[in-house]
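The values are calculated or read from the model by the stated rules, or taken from the named source; none is laboratory data. This is a predicted model, so every value here is computed, not measured. As a convention, Cβ positions derive from the backbone with ideal geometry for all residues, glycine included, and neighbour counts pool all protein chains shown.
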Amino acid sequence: MKLAELARNIALLLFSLSVWTQPIIATQIDTTIPMRVGVMRDDAPTSFVASSGELSGIGIELFNRIYADLPVSREWVYYSDRRMALEDMKKNNIQLLIGSFEEDTSVHDHNISQSLPFFIDPIVIISKKVELSLRDILSLVFNRLFVTILITSFFLGIIITFILFFLEKDTHPHMKKESNTEKISYCFFTVFSCFFRDLLYDPVSSLGRFLLGTWILFSVFVIAVLSAIITSSILHLMDRGSEIIFHTNDLREKQVGILYGSSRLQKIMSQSDAKITLYNNTNDMMQALVNNEIVFAALGKTVLEKYTEVEFDFKRKIQTSSLELGYEAWVLFVNNDYGQIMFNEPLLSKINHTINDYRNNLTMHQICSHYVKQPEQCVF
């Protein structure tokens, strides 16, 4: 009896140990295959390598908070090429991708889901500043319209001068006893002083008054046109000769660079009949702009600000148009099936739940305040 009872107790003990160790073994199996997370290493403020050598950014901090509650290990996979990162995501070489990637429904065809947006960024147009020579400045101010109006006004003023001379050379008190040369010079000075709004002459004849009255009205119109031409030239010079964009139609037939993966922006560019060139990272696109390979670049305003903070020399080489083409909504790309077995739900569900909570309790605002000047762009 005692041997049978001892055997029964040993059997119960072995069974208990097998039950208690099963979750531990399962956890060990789960963590032996890490989740591979792709990150763009030069894509501030979403993801970038800080001066300390650590990964940082809005997307990185958001993911790290989510990852803290996951029963898996993590392996970072670094990218500087947006095209390569998306290709690896489509091949499931990585299970999650962090960067300034906007919403794109076409990824659904590759078993990829996208999270709720965690940041919105206005899209701006960038052009290169042009250094102008003295010859360029003179040709800009004294353009064909300006010179044509000025020369026409001068010859018309000469004609008015001689008409006034013949009308009043013998009647006006200032010209009665003067020589013809003095009379003509007096009329010339009078006419062109009047042209520039300084009436020094009081005609004594009716025809003389009518003539100068008509000349005054003409001069008001001409001076207004000339002033407008000079003002527009000065404004153009203030922008250092760069092309200014006021509407998307101004991009027609122009070479415009955009980042690979910006599907929504690509559609906008196509509607404006712009010639699109895709670039795999921000630095390549900015270098192409400075090297005159493209005329314009379309980029998120915040991405541009962060880029010029690092590449400070670009600030004096480029300018930003006041035109905004719309907004990018940045998302995380996640493998559609990842997490279904381990969490009993896709990882995307956990990410979306967290983003939604972080919006409502302003945690996203707190995260963004570490990286951008407008943290409200994380709460919308």
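With region 79-162 as the region, which strands (runs of 3 or more DSSP E) entirely inside it contain at least 2 residues that are among the aliphatic types (A, V, I, L, M)? Reasoning before the result, please.
Working: elements: 96-98, 112-114, 119-128.
Output list reads 96-98, 119-128.
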- prompt: Does LEU150 satisfy the condition of being closer than 22 Å to ILE223 by Cβ, modelled with pLDDT under 90 and touching a His at 6+ places or on another chain (Cβ under 8 Å)?
  reply: no
message: Can you confirm whether ILE367 is surrounded by 17 or more Cβ atoms within 10 Å (Cβ to Cβ) and in contact with a Ser or Thr (Cβ under 8 Å, 6 or more places away or on another chain)?
response: no
query: Is at least one residue of region 123-133 without any contact (Cβ under 8 Å) to a residue 60 or more places away in the chain, over 30 Å from TRP330 (Cβ atoms) and surrounded by fewer than 17 Cβ atoms within 10 Å (Cβ to Cβ)?
result: yes
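Would you mind stating whether THR171 is assigned to a helix (DSSP H, G or I), over 30 Å from GLN366 (Cα atoms) and outside the structural domain of GLU345 (by TED's automatic domain parsing)?
Working: assigned to a helix (DSSP H, G or I): no; over 30 Å from GLN366 (Cα atoms): yes; outside the structural domain of GLU345 (by TED's automatic domain parsing): yes.
In short, no.
Anything in region 311-329 that is hydrophobic (A, V, I, L, M, F, W, C) and either surrounded by 14 or more Cβ atoms within 10 Å (Cβ to Cβ) or in contact with a Phe, Trp or Tyr (Cβ under 9 Å, 6 or more places away or on another chain) (or both)? List them, or say none.
As a first pass, look at region 311-329 and keep what is hydrophobic (A, V, I, L, M, F, W, C): 312, 314, 318, 323, 325, 329.
Within region 311-329, PHE314, ILE318, LEU323, LEU325, ALA329 meet the criteria.
Got a sec? Which of THR190, THR248, THR231, THR214 is within 24 Å of TYR327 (Cβ to Cβ), modelled with pLDDT of 75 or more and either buried (at least 17 other Cβ atoms within 10 Å of the Cβ) or not charged (D, E, K, R) (or both)?
Numbers: THR190 fails: within 24 Å of TYR327 (Cβ to Cβ); THR231 fails: within 24 Å of TYR327 (Cβ to Cβ); THR214 fails: within 24 Å of TYR327 (Cβ to Cβ).
Answer to the selection: THR248.
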message: For the list (1) at pLDDT 90 or above; (2) under 29 Å from VAL256 (Cα atoms); (3) of a type in the set (Lys, Arg), I need the number of the one condition that LYS91 fails.
response: (2)
- prompt: Can you tell me which residue in region 51-72 is surrounded by the most Cβ atoms within 10 Å (Cβ to Cβ), limited to those that are part of a loop (DSSP other than H, G, I, E, B) and either outside the structural domain of THR354 (by TED's automatic domain parsing) or at pLDDT 90 or above (or both)?
  reply: GLY57
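Looking at LEU332, LEU289, LEU265, LEU348 in this structure, which one is modelled with pLDDT of 95 or more and crowded, with 21+ Cβ neighbours inside 10 Å? Steps first, answer last, please.
Values: LEU289 fails: modelled with pLDDT of 95 or more; LEU265 fails: modelled with pLDDT of 95 or more; LEU348 fails: modelled with pLDDT of 95 or more.
LEU332 is the lone residue from the list that is modelled with pLDDT of 95 or more and crowded, with 21+ Cβ neighbours inside 10 Å.
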